[in-house]
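Down below is the structure, laid out as structure tokens.
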Amino acid sequence: MAPPRPRPYLHRNEGERVQPIITIEGLSKTYAGGFQALKGVDLEIRQGEIFALLGPNGAGKTTLIGIVCGLVRPTSGRVVADGHDIKKDFRAARATIGLVPQELATDAFETVWATVSFSRGLFGKPANPAHIEKVLKDLSLWDKKDAQLRALSGGMKRRVMIAKALSHEPRILFLDEPTAGVDVELRRDMWEMVRKLRESGVTIILTTHYIEEAEEMADRIGVISRGELILVEEKTALMRKLGKKQLTLHLQEPLTAIPDGLDGHQLALADGGNELVFTFDAQAEHTGIAELLRALSQRGVDFKDLQTSQSSLEEIFVSLVRSRA
């Protein structure tokens, strides 16, 4: 099935209109060597959502973020952040955005407090020790406030990068691979922190290689491949529409091959022939399950148990990207 065309603006609930906080129109970027990193991207990010941008390496994710954050100049197109055009009103637009980049770029000999406070000053914000204290406490960094960055673990340095991005009280936060190299426990702590930020009204745009991160947190998913936005959809709707379901039959006796006459069903053997797996479309009017069970019974194939499962977001993502290769 061909993936649906991107729908850059969606309604959260029927009749409820959610205003975009970022509007991207016709965004393209071609580098000096001729490489086209982005090709006419249109997208709207809704205020207060968590939007996950997925794509393989080189798909254009970091270029897109760089343009919205004013770090990369687009070849063509327009970006408006919180009502400010990033070209015509760069300072005001950038002041609404916090960015946590992939790379841990910090002054190793500065303290956590000094680093985060200095970042706030870069955006022209007056000193606000109470806000810096709150940010550090929210990120479990308060007991490290006087520590030099060189003394921190990789996970703690990642938290400092997030604190820097939040120091000037942005309404939009970009997290570019925020949990790369972070252990599972710390990753889940950071997920919880991101949810709290969203609850406070911050809009989160997340890029990640950990598909479970998007599956766990995102309200909507965007998939980018070779510079093109190939899909934008509500996460639950995406998994419902594109996620295949599977019926696994645990057989009484193992099979060495699919029984004759069942070629019309999407069947595969698994677990050394002890399982028969049937893939079907759960949204179809007729799933074919009843017909399959009758056909198996007629051929003397008995099973002792059965279970159903649905495609993960990772399987959907891989399928989409392969279809565009």
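What helices (runs of 4 or more DSSP H), lying completely within the stretch 70-177, carry at least 2 residues that are more than 21 Å from the chain's Cα centre (by Cα) and of a type in the set (S, T, N, Q)? Those helices (runs of 4 or more DSSP H) span 112-122.
Looking across the stretch 85-114, the residues that are out of contact with any His (no Cβ under 9 Å at 6 or more places or on another chain), of a type outside the set (Val, Ile, Thr), without any contact (Cβ under 8 Å) to a residue 40 or more places away in the chain and more than 21 Å from ASP176 (Cβ to Cβ) come down to ASP85, LYS87, LYS88, ASP89, GLU110, TRP113, ALA114. Counting only residues that are surrounded by 15 or more Cβ atoms within 10 Å (Cβ to Cβ) and under 21 Å from GLU192 (Cβ atoms), the stretch 146-168 holds 14 of them. Selection of first residues in the stretch 279-292 that are farther than 15 Å from LEU306 by Cα and of second residues that are at pLDDT 65 or above and of a type in the set (Ser, Thr, Tyr), restricted to Cβ pairs under 9 Å at least 6 apart or on distinct chains, gives the following pairs, ordered by first then second residue: ASP281/THR287; ALA282/THR308.
When restricted to residues that are of a type in the set (Phe, Trp, Tyr) and within 22 Å of GLY201 (Cα to Cα), the stretch 67-101 contains 0. Only residues that are at pLDDT 70 or above and surrounded by 12 or more Cβ atoms within 10 Å (Cβ to Cβ) were counted across the stretch 277-298, and they come to 12. Taking the stretch 178-207 as the range and being in contact with a helix residue (DSSP H, G or I) (Cβ under 6 Å, 6 or more places away or on another chain), crowded, with 22+ Cβ neighbours inside 10 Å and assigned to a loop (DSSP other than H, G, I, E, B) as the test, only THR179 passes.
The values are calculated or read from the model by the stated rules, or taken from the named source; none is laboratory data. What you see is a predicted model; the values in this text were computed from it and never measured. Cβ atoms come from the backbone with ideal geometry, glycine included; neighbour counts cover every protein chain shown.
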